[in-house]
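Visitor: Here's a structure for you.
The values are calculated or read from the model by the stated rules, or taken from the named source; none is laboratory data. Remember, it's a predicted structure, so these values are computed and weren't measured experimentally. Note: ideal-geometry Cβ built from the backbone for every residue, glycine included; neighbour counts use all protein chains shown.
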Amino acid sequence: MSYSSLPFTSKLFQLTALSISLTLAGCGGGDGDTVDSVAPAPDLGVEQPGTGTGDGGIGNGDIGNVLKISPMSLLDANGNLTRTLSMSGATAKATVTDAQGNGVSGALVTFNGEGVKFGTTNGAVLTNAEGVATTSVVPLSPNDTGSYSLSATAKYEDMTDTTAEYNYSLQAVDISLINLKTGETVLESGASTVVTLQTKDISTGKFQNDVTVNFSATCGSFDPASVVSSNQGNVTATYKAIDSNGNLCEDKQTITAVTANNTSSSQSVEVNIKAIKASNIIYTTSESVVLGAKDSGSSSSGQIEFTVYSNGVPAANQEVILDLIKSPVDFNFISLGNRDSDTLYSDSSGKVTVNLYPGNIPGPVEIQATLKADETISASAKNIAVATGRPTQKGITLALEKNVLADNAIDTSGVSVYLTDRQGNFVPDGTVVSFVAEGGTITPNCATVGGNCSVTFTSQNPRPANGRVSVIAYVEGDKAYSDLNGDNVYTAGIDSLLDNIGNFFRDDNEDLKYNPGEFVYKRGALPQDAKQASCAASTLSQPNLPNFVLENMSTPTVCDNALATVLRKQIIMGFANDTPTFYNYKIIPGAVSFEMYGNNVRTVSMPSGTALSLTAKDNTENDVSCEPEISSGNITVPKLVNLNRVDGTTNQNFFEGSNDILYTVSTSGCASGDSIKLSVTTPAPTSKTTTVQIF
């Protein structure tokens with residue numbers, strides 16, 4: 001028989017394979033009680049050895065790798081296909097097969113989708129023996145109503161396949177709130193209690209997690225105020241009987257819980273809070289209170305503050321008794337004119353504000369606050385005083401850095417004003433002092449801090465020909481008086497004005513009289529109830545206009561018997577050249593004398609700070625050496641030269657010949673033929689040295 005003539009059919013091949021299989025099945029191993037078997041490998045489109053066709057023999061067929069994942073589906077709780085997903089959840093399903101449609105076991109399937117979370121942390125599961133992969137799907141938020149898509153990707157060995165996208169919509173859950181309770185139904189004011197409830201899905205009747213519940217109360221606060229349900233829909237928060245502003249609650253209050261997505265789904269419960277009981281009171285004004293006197297021109301009142309507490313929390317609507325323990329006899333508190341005890345209520349922040357009304361008498365003040373509910377509890381305010389009043393006529397002082405400036409350069413000097421009240425206390429901060437000057441420039445005003453303030457005077461045009469500049473400072477204040485009845489208050493007709501001043505002028509020519517063209521300050525009409533009174537004589541530092549008729553005024557300016565006035569203080573500033581003017585040179589036994597001025601009209605000294613020095617040359621042959629020295633006079637011109645020299649009757653220059661410009665140089669040991677030179681050096685800004693021979 002020729003083998004080539006035998007037909008090779010599929011049945012013959014099947015029979016042969018079956019015979020081999022049976023033979024192998026009969027060949028047991030071990031004790032012969034078990035049967036070895038091999039699970040068939042999934043048909044992934046790879047031809048197995050011995051099953052190939054064609055000329056290549058066994059395993060030579062075309063190899064094609066194929067892994068398929070079925071379109072995915074979303075199933076509800078009843079296993080029905082759905083495209084709507086609520087908080088009750090659904091199941092995502094996909095099947096992985098090989099090329100022959102057989103399920104592939106152990107394939108990794110990863111689900112992806114928006115707005116949802118899956119049953120595993122990464123959304124991946126393995127297929128079962130039938131190639132099926134399933135996982136739970138739940139919305140991330142019960143409030144989300146958006147539409148999204150799902151997909152799944154299968155992976156087995158090096159092969160992958162991805163489903164088409166599956167569209168779906170999220171559906172908000174209809175939630176009911178049940179079992180709203182408080183741990184306690186009666187609370188102390190400021191105390192806290194636990195609030196609990198559960199969230200339930202109305203449609204399914206099941207407790208629902210991941211529902212946001214917001215809490216509020218007619219009075220009170222929560223920690224936290226917004227809670228997400230968990231563990232069978234449980235919600236827990238802490239209620240505190242203190243509102244968000246820190247105020248205590250009392251009486252019946254209502255606690256309300258509502259879902260974040262549905263304000264109609266709400267529950268309420270009442271809690272009873274005991275009345276607030278004050279337990280402490282503290283003086284809470286942190287800084288000392290220094291009040292201006294009644295007529296000081298500063299604020300006519302002040303305030304202090306106490307705070308009432310209940311167990312460390314500010315307590316509202318608590319009665320507090322206030323007593324004036326110590327004060328000047330004209331001091332009032334709570335209301336103007338009152339010095340008696342009174343009761344006030346604490347405000348919503350537990351604060352009791354007490355108004356203060358100073359009189360004119362200075363002195364310390366002490367106020368006591370007592371809880372009416374427990375009069376053993378009190379607090380005292382002791383850092384209060386009536387101390388400052390208006391500037392007084394005798395309490396104004398001007399201080400200068402220097403008073404003779406360079407005339408032929410821009411030079412400056414600080415001018416400070418110091419003010420006190422009648423008792424020697426600083427005047428209130430912010431008291432404004434004004435300045436005017438005959439020449440140069442000056443800062444027009446300054447406001448006091450700590451009783452003083454400063455301005456700057458500058459030497460510049462206009463420059464008076466005589467080098468003398470009248471500068472006047474003025475401020476609202478009180479005249480000096482003698483308190484004859486000892487009440488620290490001026491009473492016209494009883495107390496005596498010591499030096500009555502009224503309107504004033506700037507005495508530019510220093511003759512103590514007003515001359516047309518000089519600056520005039522007119523305070524205005526007489527105060528109400530004031531009467532005309534005699535004026536004090538004018539002085540250089542305190543110019544006054546006594547009963548003088550000014551141009552265009554129908555009535556003469558007069559002084560009055562009222563206390564208030566405009567205080568004034570005048571000073572003289574000097575402008576001096578940087579080249580000295582020598583005058584009245586004399587040779588006297590053993591010395592020479594002369595006068596040295598800062599101008600040729602001899603009205604000012606050299607600039608403040610000008611320094612003098614001597615150099616000698618002994619040209620004679622004798623037994624003594626020429627050693628001159630300045631025996632009298634200012635080796636350095638003082639910062640403050642005494643420029644205020646007038647006689648009150650004429651415009652005569654009384655500065656000439658004054659001590660500030662007189663010099664004597666001792667010529668001991670010097671003889672005719674010896675040489676003595678004087679060097680005069682001005683300070684900055686000129687810094688010029690002039691040398692002259694004086695012997």
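Visitor: Please determine, by comparing only the residues of the stretch 61-115 that are of a type in the set (Val, Ile, Thr) and surrounded by fewer than 21 Cβ atoms within 10 Å (Cβ to Cβ), which one is farthest from Glu165 (Cα to Cα).
Guide: Step one: list which residues in the stretch 61-115 are of a type in the set (Val, Ile, Thr), which gives 63, 66, 69, 82, 84, 91, 95-97, 104, 109-110.
Now drop any that are not surrounded by fewer than 21 Cβ atoms within 10 Å (Cβ to Cβ), which leaves 63, 66, 82, 84, 91, 110.
Working: Ile63: 30, Val66: 21, Thr82: 14, Thr84: 15, Thr91: 15, Thr110: 13 Å.
So, considering only residues that are of a type in the set (Val, Ile, Thr) and surrounded by fewer than 21 Cβ atoms within 10 Å (Cβ to Cβ), the one farthest from Glu165 (Cα to Cα) is Ile63.
Visitor: Can you find a residue that is on the phi > 0 side of the Ramachandran plot, among the small types (Gly, Ala, Ser) and part of a loop (DSSP other than H, G, I, E, B) anywhere in the stretch 601-617? Reasoning before the result, please.
Guide: Let us first name the residues in the stretch 601-617 that are on the phi > 0 side of the Ramachandran plot, namely 602, 609.
Next, only the ones that are among the small types (Gly, Ala, Ser) stay: 609.
Restricting the remaining residues to those that are part of a loop (DSSP other than H, G, I, E, B) gives 609.
Within the stretch 601-617, one or more residues are on the phi > 0 side of the Ramachandran plot, among the small types (Gly, Ala, Ser) and part of a loop (DSSP other than H, G, I, E, B).
Visitor: Which of the following residues is in a loop (DSSP other than H, G, I, E, B) and free of Cβ contacts under 8 Å to residues at least 12 places away in the same chain: Asn317, Asn338, Asn360?
Guide: After ruling out the rest, the residue left standing is Asn338.
Visitor: I'm told Val417 meets every condition in (1) crowded, with 18+ Cβ neighbours inside 10 Å; (2) closer than 30 Å to Leu497 by Cβ; (3) of a type outside the set (Gly, Ala, Ser); (4) in contact with a Phe, Trp or Tyr (Cβ under 7 Å, 6 or more places away or on another chain) except one. Can you identify the failing condition by its number?
Guide: Unmet condition: (4).
Visitor: While we're on this one: Across the stretch 181-209, what is the number of residues that are surrounded by fewer than 18 Cβ atoms within 10 Å (Cβ to Cβ) and acidic (Asp, Glu)?
Guide: 2
Visitor: Does Thr376 fit the bill of being within 30 Å of Asn561 (Cα to Cα) and either of a type in the set (Phe, Trp, Tyr) or surrounded by fewer than 21 Cβ atoms within 10 Å (Cβ to Cβ) (or both)?
Guide: For Thr376, the condition - within 30 Å of Asn561 (Cα to Cα) and either of a type in the set (Phe, Trp, Tyr) or surrounded by fewer than 21 Cβ atoms within 10 Å (Cβ to Cβ) (or both) - is not met.
Visitor: Output yes when any residue across the stretch 227-236 is loosely packed, with under 15 Cβ neighbours inside 10 Å and on the phi > 0 side of the Ramachandran plot, and no when none is.
Guide: For the stretch 227-236, residues loosely packed, with under 15 Cβ neighbours inside 10 Å and on the phi > 0 side of the Ramachandran plot: present.
Visitor: I'd like to check something: does the stretch 76-85 contain any residue that is within 30 Å of Leu197 (Cβ to Cβ) and part of a strand (DSSP E or B)?
Guide: Checking the stretch 76-85: at least one residue is within 30 Å of Leu197 (Cβ to Cβ) and part of a strand (DSSP E or B).
Visitor: Another question, then. Residue by residue through the stretch 320-331, note down the ones that are assigned to a strand (DSSP E or B) and among the β-branched types (Val, Ile, Thr).
Guide: Once the filter is applied, which keeps residues that are assigned to a strand (DSSP E or B) and among the β-branched types (Val, Ile, Thr), the stretch 320-331 yields Val320, Ile321, Ile325.
Visitor: With in a strand (DSSP E or B), among the small types (Gly, Ala, Ser) and on the phi < 0 side of the Ramachandran plot as the only criterion, which of Ala164, Ala152, Ala172 stands out?
Guide: Just one listed residue meets the conditions, Ala152.
Visitor: Restricting to the stretch 499-531, name every residue that is touching a Cys at 6+ places or on another chain (Cβ under 7 Å) and either farther than 17 Å from Leu567 by Cα or aromatic (Phe, Trp, Tyr) (or both).
Guide: Matches in the stretch 499-531: none.
Visitor: OK, next. Quick one: Asn122 ticks every box in (1) modelled with pLDDT of 95 or more; (2) part of a loop (DSSP other than H, G, I, E, B) except a single one, so which number is it?
Guide: Going through (1) modelled with pLDDT of 95 or more; (2) part of a loop (DSSP other than H, G, I, E, B) one by one, Asn122 breaks only (1).
Visitor: With the checklist (1) modelled with pLDDT under 95; (2) surrounded by 15 or more Cβ atoms within 10 Å (Cβ to Cβ) in hand, flag the one item Thr370 doesn't pass.
Guide: Unmet condition: (1).
Visitor: So, of the residues in the stretch 399-411 that are within 15 Å of Asp578 (Cα to Cα) and within 42 Å of the chain's Cα centre (by Cα), which turns out to be surrounded by the most Cβ atoms within 10 Å (Cβ to Cβ)?
Guide: Only one residue tops the list, namely Asp411.
Visitor: A further question on this structure: Counting just the residues of the stretch 585-613 that are touching a Leu at 6+ places or on another chain (Cβ under 9 Å) and not aliphatic (A, V, I, L, M), which one comes out surrounded by the fewest Cβ atoms within 10 Å (Cβ to Cβ)?
Guide: Ser613
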